[in-house]
Amino acid sequence: MSKRLAGIFGPVTTPFIAGSEDLDLEGFARNIRSHIAEGLNGVVVAGSTGEAALLSENERVALVSAAREHTPATHWVIAGCGGESTRQTVARARAAKDAGADAALVVAPHYYANAMTAEVLRAHYQRVADESPIPVILYNIPKYMHFALSAELVAELAQHQNVIGIKDSSGALDMLKGFLRAQSDSFTVLTGSGSGLQAGLEAGARGGILAVSLFAAGFALEVVRELADGNAAAAAAAQARLKPMADVIVAKLGVPGVKAALDQVGHVGGVPRMPLLPLGESGRAEVATALKGV
């Protein structure tokens with residue numbers, strides 16, 4: 001890969017048209033252009049914040065294609081490709097490649113969580129990495145998987161020439177540090193924790209895929225920039241602004257909260273797809289309070 005996997009990436013939302021729940025591709029394109037203009041190093045399409053579990057295969061392709069159209073070649077388009085079967089995951093990676101994605105973000109299968117032993121996960125990821133036409137980024141998100149990838153398995157998978165990194169959304173610094181032992185010139189660790197961005201970077205992570213960066217890109221980028229310049233105190237000040245937004249809007253209120261925040265800062269948020277419901281009045285007020293200062 002000619003692009004370096006580092007910096008802040010936005011796991012973009014999927015705007016829907018109220019009433020029909022059809023994709024709002026115009027609003028999506030507008031958001032992509034805004035996120036890139038705000039300084040993000042790339043976008044992740046059809047991730048958890050993008051309501052991936054609620055999208056059809058054709059919708060995933062349409063979103064990746066639109067993201068690529070509005071993202072400069074110098075910036076990353078990463079497509080969420082994780083599926084419950086290995087076959088489906090590979091098919092999604094191939095479709096993402098055809099639509100212009102640079103890499104596939106692959107969450108582990110988790111419906112049959114009790115069956116996901118190290119042996120099963122190793123076989124799954126090795127086949128995906130063997131057959132994917134684009135590089136693979138592992139995705140550790142225990143909240144949704146109901147288990148975690150082990151540091152030992154990640155270190156083994158990191159040796160595969162087509163596995164280029166991992167996004168760790170555990171929020172546990174010790175787990176992130178375990179993955180960092182596998183980091184190399186060809187394998188990058190990214191944090192998925194907005195509230196733990198500074199700690200993750202100081203531990204050695206090369207960036208983050210952060211939902212909070214969709215509506216507070218400036219603070220996330222400031223943390224990165226100030227740490228790179230050796231200004232830990234200034235980074236901590238930016239991190240302190242970021243943390244309540246990450247804790248309340250992202251962690252507590254989830255996708256409806258992120259979409260409400262996008263609306264409140266002038267991006268296209270809109271309604272989530274059912275069964276998710278938009279925030280009520282009290283939820284929107286929580287978002288507004290958390291956003292103060294953006």
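Since every read-out is calculated from the coordinates, none of them should be taken as a lab result. In this text the structure is predicted, and so the values were computed from the model without any measurement. Cβ placement follows ideal geometry from the backbone for every residue including glycine, while neighbour counts extend to all protein chains displayed.
How high is the FRET efficiency from K3 to M274, r the C-beta distance, R0 45 Å, rounded to 0.05?
Values: r = 37 Å, r/R0 = 0.81.
According to the calculation, E is roughly 0.75.
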Could you work out, for segment 49-113, what percent of all Cα-Cα pairs fall into each 5 Å distance bin, beginning at 0 Å and stopping at the bin that holds the largest distance? 4, 19, 29, 26, 13, 6, 2, 1
Give me the net charge of V248's neighbourhood, meaning all other residues with Cβ under 15 Å from the Cβ of V248; Lys, Arg count +1, Asp, Glu -1. +4
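Once every DSSP H run of n ≥ 4 in the chain is given -39500 (n - 2.57) and the sum is divided by its residues, what mean residue ellipticity at 222 nm do you get, rounded to the nearest 500 deg cm²/dmol?
Details: 12 runs with 128 residues, N = 294.
Dividing the helical sum by the residues of the chain leaves -13000 deg cm²/dmol.
What does the charge count around S48 come to, taking other residues whose C-beta lies under 14 Å from its C-beta (Lys +1, Arg +1, Asp -1, Glu -1)?
On the way: positive: R60, K143, K167, K259, R273; negative: E51, D168.
Around S48, the charge tally is +3.
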Segment 94-141: relative contact order from alpha carbon pairs under 8 Å, six or more residues apart, as a whole percent, is 58
Farthest toward positive dipole pole in the chain [+1 Lys/Arg, -1 Asp/Glu at C-beta], among A104, A155, G283: A155
Net charge around S195, counting only other residues with Cβ within less than 9 Å of its Cβ (Lys, Arg = +1; Asp, Glu = -1)? 0
Qualifying trypsin sites (Lys or Arg not before Pro) for segment 109-171 [loop in DSSP, other Cβ within 10 Å: at most 10]: none
Could you rank the peptides 212-224, 237-249 by their average count of other C-beta atoms within 10 Å per residue, with the highest value first? 212-224, 237-249
Distance from segment 85-160 to segment 1-45 (C-alpha centre basis), Å: 22
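Take L40, L227 and order them by how many other Cβ atoms sit within 10 Å, fewest up front. Write out the running numbers ahead of the final one.
Details: L40 24, L227 19.
Ranking L40, L227 by Cβ neighbours within 10 Å, fewest first, gives L227, L40.
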Taking the Cα centre of segment 17-133 as origin and charging only Cβ (+1 Lys, Arg; -1 Asp, Glu), how large is the dipole, in debye to the nearest 20? 340
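State, as an integer percentage, the relative contact order of the chain based on alpha-carbon contacts under 8 Å between residues 6 or more apart.
On the way: 571 pairs, mean separation 51.7, N = 294.
Relative contact order, the chain: 18 percent.
How high is the FRET efficiency from A236 to T74, r the C-beta distance, R0 30 Å, rounded to 0.05?
On the way: r = 30 Å, r/R0 = 1.00.
Efficiency at R0 = 30 Å is approximately 0.50.
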Segment 1-102: radius of gyration over Cα atoms, expressed as a fraction of 2.2 N^0.38 Å: 1.02
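Just to be sure I understand: if I project the alpha-carbon convex hull of the chain onto a plane and average over all orientations, what area do I get in nm²?
On the way: hull surface 55.5 nm².
Seen from a random direction, the Cα hull of the chain projects 13.9 nm² on average.
Reported to two decimal places, what Rg/Rh ratio describes segment 117-241 when computed on Cα atoms with Rh from the Kirkwood expression?
1.00
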Karplus (6.51, -1.76, 1.60) ³J(HN,Hα), θ = phi - 60°, over segment 63-72, in Hz, Gly and Pro reported as x: 5, 5, 4, 5, 4, 5, 4, 10, 10, x
Sorted by chain and then number, the residues having a modelled amide H within less than 5 Å of the amide H of G165, at least 5 places away or on another chain, are L138, T188
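With a cap of 16 neighbouring Cβ atoms within 10 Å, and only residues DSSP puts in a loop, list the chymotrypsin sites (Phe, Trp or Tyr not before Pro) found in segment 70-168.
Values: sites: W76, Y111, Y112, Y125, Y139, Y144, F147; in loops: Y111, Y112, F147.
Of the chymotrypsin sites (Phe, Trp or Tyr not before Pro), the ones in loops of segment 70-168 whose Cβ has at most 16 other Cβ atoms within 10 Å are Y111, Y112, F147.
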Would you mind checking the radius of gyration and Dmax of segment 18-168 based on alpha-carbon positions, in Å? 15.3, 47
